[in-house]
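Colleague: Structure below; questions to follow.
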Amino acid sequence: MKKKITIFSLIFVITVMGIMIGRWSAAQSTDAIYQDLRSFTEVFTTIKKNYVEEVNPQELIRSAIKGMVNSLDPHSAYLPPEAFKEFQTETKGEFGGIGIQIGIKDGVLTVIAPIEDTPAWKAGIKAGDKIIKIDGTLTKDMNINDAVSKMRGPKGKAVTLTIQRDEWKQLKDITIVRDIIKIKSVKYRMIDKEIGYIKLVQFQESTAQDLAEALKSLKDSGMQSLILDLRNNPGGLLQSAVDVSEQFLPQKHLVVSIQGRVGEKMQYYTEQLRPSYTDIPMIVLVNQGSASASEIVAGALQDWGRALILGVQTFGKGSVQSLIPLSDGSALKLTTAKYYTPKGKSIHAVGIIPDIVVKLESKNGKEVPVIREKDLEEHLKGEKVEPQEKAPQEVDEKDDTQLQRGVDILKSWKIMEKLKKAA
């Protein structure tokens, strides 16, 4: 009995010590934070008082906030009031600029992909191009948000990008005239009378409705099977990805799960509020430029066995950014969670692996490096990282082996269905 009391007393003492140490550690941590804040105030006051030229206190504070947010990951950003307004406009599918998606690779501002039919695309900007200067200003140490602001501007005003490309021996200046970028998120047509083709350029507020209208038009034209092209689609709105997916999946099917740091989980299911196309034979085309919302759609259709995914490994952006408005009209675009496919797979820094891998053939026979999430500076660590692939350059539609392979598979699909019915 005495031995039991002694053991109990020892456990009690250890527990109390643990609680005291924990509280002491928390107090120490809080003290350290307050000390750092005091240091920040001292630096701010010293600069404001002693710097050789007069400084704008608001700009100093905003620069400090930008630096803090930029240390997190490539997709988190501080948006000053004017940038926040531009961002809200962009999600509606219209803004002034040149039309490219950018990231930071090896400390260099790099093109992830030009947006189709925009001034940058027409000027010949390619994925993998390194942007060394914008209007003569070096981009070294420039964050993505500032770079975007410099490239945005009124219609008709030119911007000059100094580009480094692997196959070039020296830098080249490319002058691009800005335009109102009206991104038509859905393009469609018929192929060979019975195969419908839909290209989703970006996921915007109107994308799901535009898709529904495209599907109806193709069905009225005799569509018996479908190719959904998500290549070079950089993503967009999460809800738009869910609304697109539910047009191809039955009701109450999980599309994507989202989980934050402390374990809270949100799940998005199909609701079937519009006509669905759940039985039509379907191929989804993807490549290294398919990111974020594109990967949500491809991952959901792949996990449910609803469509064959064809192309090359996708970009691998499986993180969720929440837009948090601040009191002064600015906002934080903050990475708050990762998303998971219906089977629970995180594709962050990994991407969607196609069911059928088909690489494009480049004109000169050479392959160029591509940019994926795991190549970006300070990216979030994924659960699994595969060796990086290299994919060829873009090609004309007549040489589009991925599209042609999709068409061939759908034609064979129809023949196999006929043989199955005959048997």
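Colleague: Quote to one decimal, in nm, the extra length available between Leu171 and Glu59 on full extension: 0.36 nm per residue of separation minus the C-alpha distance between them.
Modeller: Stretched out fully, the Leu171 to Glu59 stretch lengthens by 37.0 nm.
Colleague: Using per-residue counts of other Cβ atoms within 10 Å, averaged over each peptide, order 153-164, 314-325, 185-196 from highest down.
Modeller: So the order, starting with the most tightly packed, is 314-325, 185-196, 153-164.
Colleague: So, one more: Compute the FRET efficiency between Asp192 and Thr160 as 1/(1 + (r/R0)^6), taking r as their Cβ-Cβ distance and R0 = 60 Å, and round to the nearest 0.05.
Modeller: Calculated value: 0.85.
Colleague: Sorting Glu53, Glu167 on the 10 Å Cβ count, fewest up front, what's the list?
Modeller: Fewest-to-most Cβ neighbours within 10 Å comes out as Glu53, Glu167.
Colleague: Calculate, for Tyr34 and Tyr269, the FRET efficiency according to 1/(1 + (r/R0)^6) with r their C-beta to C-beta distance and R0 41 Å; round to the nearest 0.05.
Modeller: 0.35
Colleague: By per-residue mean of other Cβ atoms within 10 Å, what is the highest-first order of 140-151, 241-252?
Modeller: The densest-packed peptide leads the list: 241-252, 140-151.
Colleague: Give the separation of the Cα centroids, region 298-363 to region 97-132, in Å.
Modeller: Using only Cα atoms to place each centre, the spacing works out to 20 Å.
Colleague: Then there is this: Kindly state, to the nearest 0.05, the FRET efficiency for Lys48 paired with Asp355, given R0 = 56 Å and r defined as their beta-carbon distance.
Modeller: My answer for the efficiency is 0.40.
Colleague: Fewest Cβ neighbours within 10 Å first, please rank Leu138, Leu301, Leu237 accordingly.
Modeller: Going from least to most buried by this count: Leu138, Leu237, Leu301.
Colleague: If packing is taken as the mean number of other Cβ atoms within 10 Å per residue, what is the order of 97-105, 287-295, 259-267, highest first?
Modeller: Going by the mean number of other Cβ atoms within 10 Å, highest first, we get 287-295, 97-105, 259-267.
Colleague: What ranking of Glu116, Glu205 emerges when the number of other C-beta atoms within 10 Å of each C-beta is taken as an exposure proxy, fewest first?
Modeller: With the sparsest Cβ surroundings first, the list reads Glu205, Glu116.
Colleague: OK, next. If a/c stays under 1.5 just call it rounded; otherwise compare a/b with b/c (prolate if a/b is bigger, oblate if not). Do that for region 176-321, with a ≥ b ≥ c from the square roots of the Cα gyration tensor eigenvalues.
Modeller: In terms of gyration-tensor shape, oblate.
We did not get these values from a lab; they are worked out from the coordinates using the rules stated. These numbers come from a predicted model, not from an experiment. Positions of Cβ are backbone-derived with ideal geometry, glycine not excepted, and every protein chain shown enters the neighbour counts.
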